[in-house]
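Report on one structure; see the data block that follows.
The values are calculated or read from the model by the stated rules, or taken from the named source; none is laboratory data. On a predicted model such as this, the values are computed, not experimentally measured, just so you know. Each accessible area value is taken on the protein alone, full model and side chains, heavy atoms only, with ligands, DNA and RNA left out. Shrake-Rupley method; radii C 1.70, N 1.55, O 1.52, S 1.80 Å.
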Amino acid sequence: MSRILVVEDEPGIAMSLEDDLKLEGYEVEVVGDGVTASLRGREAEFDLIVLDVMLPGKDGFQVCRELRRGGIETPILMLTAKAQEA
């Protein structure tokens with residue numbers, strides 16, 4: 001079974017992602033901040049990391065840089081819900 005780390009601080013979005021991925025047969029771990037994401041990404045083996053850009057503690061870009069500098073080559077899918085009116 002493939003393992004996915006979902007890093008999302010919005011509980012509703014995190015729960016939806018977790019539920020949908022589990023329905024598809026994935027093993028899912030959810031964390032809600034950048035500091036924990038950086039630690040878990042280095043401590044455990046995941047087949048994919050779904051990483052929100054806007055996170056408390058460290059943003060998704062910082063987490064991604066730290067993981068890559070630490071030699072973690074797990075694919076990372078970056079998510080953002082940024083919206084802006086001109």
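Structural descriptor for the chain: relative contact order 31 percent, calculated from alpha carbon pairs under 8 angstrom and at least 6 residues apart. Counting only protein heavy atoms and a probe of 1.4 Å, the accessible surface of the chain is 51% carbon and sulfur.
Around the amide H of residue 30, modelled in the peptide plane, lie the amide H atoms of 6, all under 5 Å away and 5 or more residues distant in sequence or on another chain.
Ignoring ligands, DNA and RNA, what accessible area per residue does the chain give at 1.4 Å, in Å²?
Details: 5440 Å² over 86 residues.
Spelled out: the 1.4 Å probe surface of the chain, per residue, equals 63 Å².
In angstrom, the C-alpha Rg and Dmax of the chain are 12.6, 44.
Taking amide H positions as modeled 1.01 Å from N, with prolines and chain starts lacking one, the residues under 5 Å from residue 78 and 5 or more places away or on another chain are 51. Here the average projected area of the convex hull drawn through the C-alpha atoms of the range 3-43 stands at 2.5 nm².
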